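Q: Let me begin by handing over the structure; questions about it come next.
Throughout, read-outs are computed from the coordinates displayed, never taken from laboratory work. Small disclaimer: the values here were computed from a predicted structure and weren't measured. Neighbour counts are summed over all protein chains in view; Cβ atoms, including those assigned to glycine, are modelled from backbone coordinates with ideal geometry.
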Amino acid sequence: MTVVARSRDRGVETLALDSPATRNALSAAFVGELADALTDCGKDPDVRAVVLTHTGNTFCAGADLRDPPAPDALVALLRQIVELRKPVVARVTGHVRAGGLGLLAACDIAAASRESTFAFTEVRIGVAPAVISLTVLPRTDPRALARWYLTGERFTAPEAVRAGLLTAEGDDVDAVLAPVLDGIRRSAPQGLAETKSLLTARVLEAFDRDAADLTALSARLFATPQAREGMTAFLERRDPVWVV
């Protein structure tokens, strides 16, 4: 079953995460299909930019706990977004959780509607936002991030803008993005590609330096008894045993 819907308008390819029944959770198959779609966009000279969006009320709920992607596959997907020689713009009109925030931070520009909410929920199931830190840490205010990483609290679109996780927010996300996409359409492909390289250099340094360690950390944590309890509690819709 296809989980990434594609459409195109004046050189902008829209990739919509299209599995609302799973809240667009990142399964192994989901990651593979999105990676294939991005590869196609990178090869197509008629694609000037990519908009990454969603159907349903959730942009991405993070890893699919029943069929999680391998940490290496998630690293590769995030790096692919960062390295794509075309701007990738996130369009969010719902909720973003855990690994979904790694996708959001990998994008060059990100806009959300005012009712969107965000949360790094990993700590509540006994793991850490390890792999997604490759894109989140270089682009987000560390003091704000410390609170959200350590508590798993939900935060709002205006808070996400202030911390650098979002570029902009508003009541009508399409109105917010209209001048952005118009500016991209007016820009030369070569200029876009080389300018993006300047902007992403620090993020790619984090991949080169930390990807192996963070991938190992993620794999180790998911194999622990606390993580098994946390994931079971989540699937059973109950508090894990450590909640006091």
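Q: Does any residue of the stretch 146-154 turn out to be under 19 Å from the mean Cα position of the chain (by Cα), within 28 Å of VAL50 (Cα to Cα) and in contact (Cβ under 8 Å) with a residue 40 or more places away in the chain?
A: No; the residues of the stretch 146-154 include none that is under 19 Å from the mean Cα position of the chain (by Cα), within 28 Å of VAL50 (Cα to Cα) and in contact (Cβ under 8 Å) with a residue 40 or more places away in the chain.
Q: Look through the stretch 186-198, keep the residues that are surrounded by 13 or more Cβ atoms within 10 Å (Cβ to Cβ) and not polar (S, T, N, Q), and return whichever of them is nearest to the chain's Cα centre (by Cα).
A: LYS196
Q: Still on this model: Please work out if ALA201 is within 18 Å of GLU13 (Cα to Cα), assigned to a helix (DSSP H, G or I) and without any contact (Cβ under 8 Å) to a residue 40 or more places away in the chain.
A: no
Q: Would you be able to say whether some residue in the stretch 47-67 is hydrophobic (A, V, I, L, M, F, W, C), under 29 Å from THR232 (Cβ atoms), surrounded by fewer than 22 Cβ atoms within 10 Å (Cβ to Cβ) and over 16 Å from the mean Cα position of the chain (by Cα)?
A: yes
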